Amino acid sequence: MDYQQLDVLEEKVKKLLSAMKALKSENEHLLKKNEESERAIHKLRQDLERWSRSEEETGALQEQIKMLKKERDEVKEKIERLISHLEELEAKI
């Protein structure tokens, strides 16, 4: 093997090393990006869980409100009947 071939081989090895360094650097960058993405996904999942619980709680509260309104209407009707009876009794006196 002559020196010219060794020089060509040396240049190829240098290029390969340079390419490997660039790939290693890019890989590190992509790993960091991946970690950031994983953290963002984790946070979004937590938010989704929290919102889902809030939605369920809202639904339960709406049901309670409906029940309370119904009870209020029933109490109102009873009071109106009592007032009516009292007025009838008062009219008889």
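Rule-based calculations on the coordinates, nothing more; no lab input. Remember, it's a predicted structure, so these values are computed and weren't measured experimentally. Methodologically, a virtual Cβ is constructed for each residue, glycine included, from the backbone with ideal geometry; neighbour enumeration extends over all protein chains shown.
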Exercise. With point charges of +1 on the Cβ of Lys and Arg and -1 on the Cβ of Asp and Glu, referenced to the Cα centre of the range 20-93, which listed residue (Ser52, Asn34, Ser84) lies farthest in the positive direction of the dipole?
Worked result: Asn34
Seminar exercise, completed: Sequence order, the range 32-46: Karplus ³J(HN,Hα) from phi using 6.51 cos²θ - 1.76 cosθ + 1.60, θ = phi - 60°, Hz rounded, Gly and Pro as x, gives 4, 4, 4, 4, 4, 5, 4, 5, 5, 5, 4, 5, 5, 5, 4
Exercise. What net charge is computed for the residues neighbouring Glu87, neighbours being all others with C-beta under 14 Å from the C-beta of Glu87, Lys and Arg scored +1, Asp and Glu -1?
Worked result: -1
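Let me know the charge dipole size of the chain about its Cα centre in debye, to the nearest 20, where only the beta-carbon of Lys, Arg (+1) and Asp, Glu (-1) is charged.
Details: 20 positive and 23 negative charges, 46 e Å.
In debye, rounded to 20, the chain gives about 220.
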Problem set entry | Whole-number Å³ per residue for the convex hull built on Cα positions in the chain | 74 Å³
Exercise. Add -39500 (n - 2.57) for each DSSP H run of 4 or more in the chain, then divide by its residues: what number comes out at 222 nm, to the nearest 500 deg cm²/dmol?
Worked result: -37000 deg cm²/dmol
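What does the charge count around Ser18 come to, taking other residues whose C-beta lies under 13 Å from its C-beta (Lys +1, Arg +1, Asp -1, Glu -1)? Walk me through the intermediate numbers first.
Values: positive: Lys12, Lys14, Lys15, Lys21, Lys24; negative: Glu10, Glu11, Glu26.
Taking every other residue near Ser18 into account, the sum is +2.
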For this session: Report ³J(HN,Hα) in whole Hz for each residue of the range 80-91, in order, from the Karplus equation J = 6.51 cos²θ - 1.76 cosθ + 1.60 where θ = phi - 60°; Gly and Pro get x.
Result: 4, 5, 4, 4, 4, 4, 4, 5, 5, 5, 5, 5
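Around Arg53, with a cut-off of 15 angstrom between Cβ atoms, what is the net charge of the other residues, counting Lys and Arg +1 and Asp and Glu -1? Intermediate results must be reported in sequence, preceding the final value.
Numbers: positive: Arg45, Arg50; negative: Asp47, Glu49, Glu55, Glu56, Glu57.
In short, -3.
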For this session: Binning at 10 Å from 0, report for the range 22-75 what percent of all alpha-carbon pair distances ends up in each bin.
Result: 21, 21, 17, 14, 12, 8, 5, 1
